[in-house]
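Notes follow the structure.
None of the figures in this text is laboratory data; all of them are computed from the coordinates on show. Remember, it's a predicted structure, so these values are computed and weren't measured experimentally. For neighbour counting, all protein chains shown are included, and Cβ atoms are generated from backbone atoms with ideal geometry for every residue, glycine included.
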Amino acid sequence: MFIVDDNIFHITVVITLNWGSTMEKVVGEITHYFPKVGVAVVMLEDTINNGDRIHVKGTQSDFYQTVTSMQIEHQTIQTATKGQDLGMKVSQVVHAGDVVYKVE
């Protein structure tokens, strides 16, 4: 509140912090990367589906992509669950120890 010449002025400041409406949940960890074919081996801690949006983050990796191709034992799958190791096509180079998050 400011008083100028017997007039009172109220100033209202509104600050909006938009952290986005997305949440990320850990679904797995990269255990190996095959650079010639651009495929990562992911050890799953939760369920993942073809079409899910993921975030891969590590000390040298940090990118988002949509899951477009997954395989277990050379068989294409649509869904994988906790405890499974799968091959997943990735759009960028990844490294062992990178964490895979599902963006919700």
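Worth a mention:
- Against the rule of thumb 2.2 N^0.38 Å, how large the Cα Rg of region 21-103 comes out: 0.96
- Electrostatic dipole magnitude of region 21-103 [Cβ: Lys, Arg +1; Asp, Glu -1; Cα centre; debye, to 20]: 180 debye
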